[in-house]
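S.K.: Handing you this structure, nothing more for now.
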Amino acid sequence: MFLIDDIVTSPVRGIFWIFEEINRVVQKELAGEAESVTEQLRLLYMQLETSQITEQQFDAAEKILLDRLDAIERRIKNGEEIEESQDTEDVVVTEHEIGHP
Amino acid sequence: MRSSSSVATLPAQPRETAVASGKNYIYAIVEGIEPRSYPSLGIEGKDVHTISDGRIAAVVSGLADSKIRPARANLTAHQSVLKCLLAETTPLPMAFGSVAASPEAIRRMLVRNRHSFQGQLRRVAGKIEMGLRVAWDTPNIFEYFVNTDAELRAARDRVAGAGRELTRNEKIELGRMFDRRLTEEREQHTAKMQQALVSVCVEFKVNQCRTEREVMNLACLVPREAQEEFSATVQAAAKLFDNNFAFDYSGPWAPHNFVELELDLEE
């Protein structure tokens, strides 16, 4: 067996876990094209954690993926607004934020 | 990246702080009405404070932009706040990206959901979440299975020995057999691991594996006082597995996998 323990050996150690823990709702709620973008984000975090890419490379690639995610969300939202318009909610939870793990 | 270990020691300041009007980002729900304050720790570097309904409190910070992207800086800020809270109490972590229109909206949300929040706070009180991932540490998972499973090997040899290209149906059948074996192996190893950890875990959540090489992805609800024992138990349990398995565990986390905050959004 090969055990990776909690010892912090690099500044980004644990960042993949943080992505998995904090961002799991994103992975769960989105489907189709967005899911594939999220999967690419997941890989990006893994590459950062394992030092395959630098933080600068991560930031550049992340921006492209998040922009794409925004575009997908806008499309979904526009589609949904035709069916129902809800402006009265006071806690705003968008597509990738609804619900819980 | 924000160093969450250095901010974990910031003390809570026992006084009311100015509540940001307008949009507020919500990190967690905590028990009690004691004000908590973490200056500049929040998303966008905002001050983090509590808004209470008199019994429970939401941990929030003001927000300039209602759209919060799941960017690394935001995820780590969210996690830093949860980590600070976890050092003091067990919070109910909110889903990343939860934004309320105003402090008043948060108070109303607390009142509406008080019963659910209090029940879940009791469930996780005095406990933390630990994560455990196990993966097959082999370059080719299919070859690994073929080499360790006689039935699969026989099936592969049968079609490979035919001396021709596999038909689509043969490929599908072989793929199904592989999937079946993969699922069986995962279930078997997960049961073995849960058995080994049962003395240090109150609850388990078996999360879905997302890559073929993943054997299990477990979230464990662990009593705070058993955290070191949990680590020791994982290390001991890992020895039950051979060199083809890699173990990665992490924590303590807020109990993301053990709370279900179905927010009542209707007025």
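The values are calculated or read from the model by the stated rules, or taken from the named source; none is laboratory data. Predicted, not measured: the structure shown is a model, and the values here were computed from it. A quick note on method: Cβ atoms are made from the backbone with ideal geometry, for glycine too, and the neighbour counts reach across all protein chains shown. These area figures cover heavy atoms from the full protein model, side chains too; ligands, DNA and RNA do not enter into them. Shrake-Rupley method; radii C 1.70, N 1.55, O 1.52, S 1.80 Å.
S.K.: Tell me which residues come under 5 Å, amide H to amide H, from B:ILE128 once H is placed; ignore anything under 5 positions away on its chain.
M.R.: Those lying under 5 Å, H to H, from B:ILE128 are B:VAL222, B:ARG224.
S.K.: Roughly how much of B:HIS78 is accessible, in Å² to the nearest 10, using a 1.4 Å probe?
M.R.: The accessible area comes out at roughly 0 Å².
S.K.: Also, I was wondering about something else. Would you calculate, for chain B, the mean residue ellipticity at 222 nm contributed by helices, counting each DSSP H stretch of 4 or more residues as -39,500 (n - 2.57) and dividing by all residues, to the nearest 500?
M.R.: Value at 222 nm, helices only: -12000 deg cm²/dmol.
S.K.: Might you report the magnitude of the Cβ-based charge dipole of chain B about its Cα centre, with Lys and Arg at +1 and Asp and Glu at -1, to the nearest 20 debye?
M.R.: 340
S.K.: Counting other Cβ atoms within 10 Å, keep those with at most 14, restrict to DSSP loop, and tell me which trypsin sites (Lys or Arg not before Pro) in region B:171-267 are left.
M.R.: Answer by residue number: B:ARG210, B:LYS239.
S.K.: With all protein chains present, calculate the accessible area of B:TYR249 using a 1.4 Å probe and round the result to the nearest 10 Å².
M.R.: In the full protein context, B:TYR249 sits at about 10 Å².
S.K.: Could you order A:ARG42, A:ARG74, B:ARG114 by accessible surface area, starting with the largest, using a probe radius of 1.4 Å?
M.R.: On the way: A:ARG42 10, A:ARG74 140, B:ARG114 50 Å².
I get A:ARG74, B:ARG114, A:ARG42, largest accessible area first.
S.K.: Straight-line reach only, C-alpha to C-alpha below 17 angstrom: list the lysines that B:LYS46 could link to, leaving out same-chain residues fewer than 8 apart.
M.R.: List returned: B:LYS23, B:LYS67, B:LYS83.
S.K.: Okay, next question. Can you tell me how much longer the chain between B:THR211 and B:TYR144 gets when fully stretched, taken as 0.36 nm per residue apart minus their C-alpha distance, in nm with one decimal?
M.R.: 22.6 nm
S.K.: Follow-up. Of B:THR89, B:THR167, B:THR76, which is the most mobile in a GNM of chain B whose springs link Cα atoms less than 10 angstrom apart?
M.R.: Taking springs between Cα atoms under 10 Å, the residue moving most is B:THR167.
S.K.: Keeping all protein chains in position, work out how much accessible area A:SER51 exposes to a 1.4 Å probe, and write it in Å² to the nearest 10.
M.R.: For A:SER51, the solvent-accessible surface is approximately 90 Å².
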